[in-house]
Amino acid sequence: MKIYPDVLNKKLYGELVSFFESNPPEVRYFSNQYNWNDSLLQGMIGTCLCVDVNDYVKSLILEDINHLLPDSNNIEMLFYRWGKQSGINWHTDAPVLFGGTIYLNRQWSKRDGGIFLWEEESEIRGYSPEANTLVLNTENQNHMVTPIHYDASQPRYTIQLFGTCSN
């Protein structure tokens with residue numbers, strides 16, 4: 001895993017956080033419960049709400065992070081709103097070339113769960129989300145997100161990216 005702090009410019013980061021914290025009613029989410037493979041949901045009883053990032057916002061994000069990403073013909077980008085007791089069980093992102101997460105919460109306590117775990121050299125490693133950080137999986141490493149605690153003070157906000165079709 002590669003971890004890059006402060007990946008988005010302050011203005012864009014602030015606008016994204018403010019927009020998603022306001023939970024605007026016009027955002028049409030879909031639920032992980034009906035769209036993710038059952039193996040990803042095993043043991044996870046909460047709901048992660050997902051929505052595609054529109055092309056304009058995607059282009060602004062890519063302006064800031066494209067230099068960190070492997071070559072790809074297509075990058076899919078989704079916004080995730082992780083609710084209480086949501087998480088994702090162990091998996092790889094195959095067949096994509098890379099997967100990444102940008103953490104949006106201004107502050108996040110490890111006591112609230114939502115810890116990113118991955119396997120590396122027969123060890124399990126972890127990362128507690130930090131604001132405006134990108135975790136990038138370019139080696140198809142097995143990983144998961146621990147459930148958000150039932151009394152977390154806020155949802156966990158992330159942008160997920162998946163690169164496909166190498167140049």
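A few comments on the model shown:
- Likely footprinting exposure, K11, K84, K110, fewest C-beta neighbours within 10 Å first: K11, K110, K84
- Segment 66-126: proportion of alpha-carbon pairs further apart than 18 angstrom, %: 51
- Within the listed set I45, I88, I61, the residue fluctuating most in the Gaussian network model of the chain (springs between alpha-carbon atoms under 10 angstrom) is I45.
- By the count of neighbouring beta-carbon atoms within 10 Å, fewest first, R125, R111, R156 end up ordered R111, R125, R156.
- Using every pair of separate Cα atoms, the Kirkwood estimate puts the hydrodynamic radius of segment 26-167 at 15.5 angstrom.
- Chain lengthening between D55 and V27 when straightened (0.36 nm per residue, less Cα-Cα): 8.6 nm
- Spatial separation of Cα centroids for segment 10-64 and segment 71-106, in angstrom: 9
- Kirkwood hydrodynamic radius of segment 98-167, from inverse mean 1/r over distinct Cα pairs, in Å: 13.0
- Fully extended contour minus Cα-Cα distance, from H67 to Y4, at 0.36 nm per residue: 21.5 nm
- Length-normalised contact order of segment 2-164 in % [C-alpha pairs under 8 Å, at least 6 apart]: 31
Each reported figure results from applying straightforward, stated rules to the coordinates on display, with no laboratory input. Computed from a predicted structure; not experimentally measured. Cβ: placed from backbone, ideal geometry, glycine included. Neighbour counts: every protein chain shown.
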